[in-house]
Amino acid sequence: MSKAKYLVISSVVVAALVATPFVVSKKVDSTIETNRVLLEQNGLKQDILSKSGYLTGKRTFSLEVVDAKKARDYLLSTLVAKNAQYKLFAESLKTETDASINDALDGLKFNGEMTNSNFLPSDAKVSLSLNQLPRSLQESVVNDKAASEAILPLLTRGVLALDMTFSSDQKLKDVKLKDIKEEIKSEGSTLNIDTEKQLLTFNENGGVVQGVLGVGKQNIGVTSEMFTFKSELQDFIYNFSYKDDLNNKGDVKIGKYAFEVNDDDNNVKFDLGSLKGNSSVEDVKKDLQIKADYTLDNIVVNNSSADIKLEKLLAKLFLRGINSDTMKKVQADYNALLLASTPVEDKVLIDDFVALVNHGVKFDFGIALQGFSTDMINLKDVTVDTTLEVAENKYTDKESPLALIGLLDITSKVKVHKDDRATLETLGLTSAEDFALGKAEGDFFIYEIAMKKGAISVNGQTIQ
């Protein structure tokens, strides 16, 4: 191949590379214009204020709510179109009248900035900051010197802001709230806000949405001469995976939480040392299984009438045996009851309930209290593990509801530390006769309680 041909090919390649940012930029402009028209039809006004950059494009814009009712309906319908399970939630947000929601939100305005690559497909970064209050509040704030001094500087400095990341196919990947550290004084009161690392991330794979909701720090406090309020949250993280209402799971951790309210009438304080938990809902071969397991450490509750401390609280549950198809029908009928123009008849819901009862269910629940103390009582270690079971049956709605009691098969294992037994007897909350049926097992007394067909027994001995 001659040098001339190489030069021609090289020139074409260079020209294509040079033109690519321009072409991509035009395509982005076209998409923005399409979205602008769509937003305008649905109560939101978007204006592009500036455009700059060649390889990396940067656009500033404003977004204003001009018809809150239209905007709300559009955003909710978009949510439901992509996530049908939110239909009931979406409808619940439409309880406000058209006039009231327009009065509350019309005029709300944000300033924004969008950054994207004009050369290669990549994520787009969008920042939004609150710039203008709703029109219903603007005049009252301007005419109130204290409110103006407290609120307007926050809007000017873009304090109330968030950053979003969108993939190249315009799917939302994450939302991050801007860190805030503000002290706002007004008419003898001081509001302190200190937040860090508040974010929400999404990742969809094979129809399953996985995400993380995190808060590094969220401290809010109000102080005045007669009143004090404090809420402090640290190291909160929630990981979740969602396919549908019958297949999802999550785990949560809290590093520390403190809450306090003090005024002339109340003095309430709550502290939580830490929390760890996980839960799941899973359809296993038409068997709906629900699981949860939580551990809470160092709980303290103080108020004017009592002080309560708990070193550790353990709780777990496991529900299974519910037919998933029956549960789907129950959910559909319940939604129809609330949402449909022609609600379902009561008989339909009664039949759904009977179908659930007929199929049977098994429910395990366990709770343990360690290091529980109040002004009146101290308990070292008490554990209760209970199983409730309803076998398959032929119950009908023609029978008395009391017949359901006869279907219950309940077993419970109660484990009480020997020192706690003495404490409860001393306080007169139980008697020696109550504990006589217990079986000694190391430092504990064990009580295996059962209820079958209405008869109760403890460690095999029937209680009259």
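The values are calculated or read from the model by the stated rules, or taken from the named source; none is laboratory data. Please read these numbers as outputs of a predicted model, since none were measured by experiment. All Cβ positions, glycine included, derive from the backbone under ideal geometry; neighbour counts span all protein chains shown. The area values use the complete protein model at the heavy-atom level, side chains included, leaving out ligands, DNA and RNA. Shrake-Rupley method; radii C 1.70, N 1.55, O 1.52, S 1.80 Å.
Structure summary
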{"read-out": "K286-E441 FRET efficiency (beta carbon distance; Förster radius 45 Å; 0.05 resolution)", "value": "0.70"}
{"read-out": "As computed over region 322-381, the Cα convex hull volume per residue (Å³)", "value": "165 Å³"}
{"read-out": "Under the Debye formula (equal points on every Cα, no solvent term), log10 I(q)/I(0) of region 246-366 at q = 0.10, 0.13, 0.20 Å⁻¹", "value": "-0.55, -0.76, -1.02"}
{"read-out": "DSSP-loop GluC sites (Glu not before Pro) across region 195-265, with at most 13 other Cβ within 10 angstrom", "value": "E225"}
{"read-out": "Dipole-positive endmost among L339, L310, N278 within region 276-347 (Cβ charges, Cα centre)", "value": "N278"}
{"read-out": "Length released on extending from D103 to Y395, taking residue separation times 0.36 nm less the Cα-Cα span", "value": "99.8 nm"}
{"read-out": "Bins of 10 Å, starting at 0 and running to the largest distance - Cα pair percent for the chain", "value": "3, 12, 18, 21, 20, 13, 8, 3, 1, 1, 0"}
{"read-out": "For region 296-401, alpha-carbon Rg over 2.2 N^0.38 Å", "value": "1.62"}
{"read-out": "Alpha-carbon Rg/Rh ratio, for region 63-217, with Rh computed the Kirkwood way", "value": "1.01"}
{"read-out": "Given charges at beta-carbon only (K, R positive; D, E negative), |dipole| of region 345-464 in Debye", "value": "320 debye"}
{"read-out": "Where the chain is the region considered: accessible area per residue in Å², 1.4 Å probe", "value": "61 Å²"}
{"read-out": "Unit charges at the beta carbon, dipole of the chain: most positive-side option, S400, T95, T426", "value": "T95"}
{"read-out": "Student exercise, the chain dipole from Lys, Arg, Asp, Glu Cβ charges, in Debye to nearest 20", "value": "2440 debye"}
{"read-out": "Estimated [θ] at 222 nm from DSSP helical runs (n ≥ 4, -39500 (n - 2.57)) normalised by residues in the chain, nearest 500", "value": "-9000 deg cm²/dmol"}
{"read-out": "Backbone N within region 210-247 under 12 Å of label point (7 Å from I193 Cα along the Cβ vector)", "value": "219-221"}
{"read-out": "Cα-centred dipole magnitude for region 289-375, charges only on beta-carbon of K, R (+1) and D, E (-1), debye, nearest 20", "value": "280 debye"}
{"read-out": "Accessible surface of the chain [probe 1.4 Å, protein heavy atoms]: carbon and sulfur percent", "value": "58 percent"}
{"read-out": "Coil-residue trypsin sites (Lys or Arg not before Pro) of region 323-408, DSSP, other Cβ within 10 Å capped at 16", "value": "K394, K398"}
